[in-house]
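What follows is one structure encoded as structure tokens, with my remarks underneath.
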Amino acid sequence: MALRLVTRNLRNRISPKLCSASLLHSHATSFGFKEVREEEKSQMVGKVFSNVASNYDLMNDFMSAGLHRLWKDRLVSKLSPFPGMKHLDVAGGTGDVAFRILESINSIRRRALQDPINDDLQEETRIYVCDINQNMLNVGKNRALERGLGEVKSLVWVQGDAEALSFEDNSMDGYTIAFGIRNVTHIEKVLTEAYRVLKRGGRFLCLELSHVEIPVFKELYDLYSFSVIPRLGEVVAGDRESYQYLVESIRRFPPQEKFASMIADAGFQMVEYENLVGGVVAIHSGLKI
């Protein structure tokens, strides 16, 4: 009964904000549950990630009880990396996904027992880590140095905007974006850019916090999200507001089916998604054919 009362009150607090956010006019967008001008959102999101950069991966461990590591492993397994590939990881500043892709490719090389052909392909491998926030990229570069990957040519760090990529058409074998697309101003532009830079046969993969539909689990998840995560942000990272925004941004992100239709509208085929932990996160994928 107590849980039901708490979650009912929580829904009452959330619903009016969602309603007002849904009334956004043409030159406005959402920043969590707030209505802001489009030109303000990127600056506000930039401030959030500048604030959380140094504690970003640590907070991911706390918030997900370490499960984000398994989710990223699952993402990379769906990608099926290969030596010589050109891959773009967007919003990947801390390198968490890129390091996994590189390790997967290196493991193929080790299994090939120093095959000269694989050695040549390894030299051609390029994993571009693209992030709009330089602070996040700096964290990733430092982590690469700690892992002995500071001089690895296969890792390329690029500051860039997911809505206006600097890469050429049909230049990438794969594209990943993990926990990033819900923070952009125009999701459609990001998907269009992803399609543009991928080669024919290239795969788009998106790992994102999503929507839980199981009633009892949804109530518990909402309670945890709005009552626990901001407090964790305050205690661990000294920043409650940024994590309040991150929680709210999840609720503003399109549901799984809607996001899948947006991916298809961008031109991708064979679009599908996999829910993990009952929809707490989802992995969407599509092919450019």
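Couplings for the range 264-280, taken from phi via the Karplus curve 6.51 cos²θ - 1.76 cosθ + 1.60 with θ = phi - 60°, read 5, 4, 6, x, 6, 10, 6, 6, 8, 8, 10, 7, 10, 6, x, x, 4 Hz in order; Gly and Pro are left as x.
Sequentially through the range 126-131, phi angles give Karplus couplings (6.51, -1.76, 1.60; θ = phi - 60°) of 9, 10, 8, 9, 10, 8 Hz, Gly and Pro residues having no value and appearing as x. Principal-axis analysis of the Cα atoms of the chain puts helix 187-197 at an angle of about 10° to the longest axis.
A Förster radius of 35 Å combined with the Cβ-Cβ distance from Lys47 to Leu70 puts the calculated FRET efficiency at roughly 0.70.
Considering only the Cα atoms of the chain, their convex hull presents on average a projected area of 15.4 nm². Expressed to the nearest 5 percent, the antiparallel share of DSSP beta bridges inside the chain is 45 percent. In the context of the full set of protein chains, residues of the chain present 48 Å² of accessible surface per residue (probe radius 1.4 Å, heavy atoms only). Among Thr29, Thr94, Thr176, the largest mean-square fluctuation in a Gaussian network model of the chain (Cα springs under 10 Å) belongs to Thr29. Length gained on full extension, Arg231 to Glu39, computed as 0.36 nm times the residue gap minus the Cα-Cα distance: 66.2 nm.
The count of lysine pairs in the range 43-287 whose Cα atoms are under 22 Å apart, excluding pairs fewer than 8 places apart on the same chain, comes to 16.
The HN-Hα couplings worked out from phi for the range 201-208 by the Karplus form 6.51 cos²θ - 1.76 cosθ + 1.60 (θ = phi - 60°) are x, x, 10, 9, 9, 10, 9, 8 Hz, whole numbers, x standing for Gly and Pro. Look at the alpha carbon pairs under 8 Å that are at least 6 residues apart: their mean separation over the length of the range 43-287 gives a relative contact order of 20 percent. With the simple model of a label 7 Å out from the Cα in the direction of the Cβ, Glu241 to Leu220 spans 3.4 nm. For the chain, adding -39500 (n - 2.57) for each run of n ≥ 4 DSSP H residues and dividing by the number of residues yields -15500 deg cm²/dmol at 222 nm. Of the residues Gln134, Gln43, Gln269, the one that moves most in a GNM of the chain with alpha-carbon contacts below 10 Å is Gln43.
Taking only protein heavy atoms and a 1.4 Å probe, the accessible area of the range 43-287 is 52% carbon and sulfur.
The values are calculated or read from the model by the stated rules, or taken from the named source; none is laboratory data. Predicted, not measured: the structure shown is a model, and the values here were computed from it. Glycine also receives a Cβ, built like all others from the backbone with ideal geometry; neighbour counts cover every protein chain displayed. Accessible surface is based on the protein model in full, side chains and every heavy atom, while ligands, DNA and RNA are left aside. Shrake-Rupley method; radii C 1.70, N 1.55, O 1.52, S 1.80 Å.
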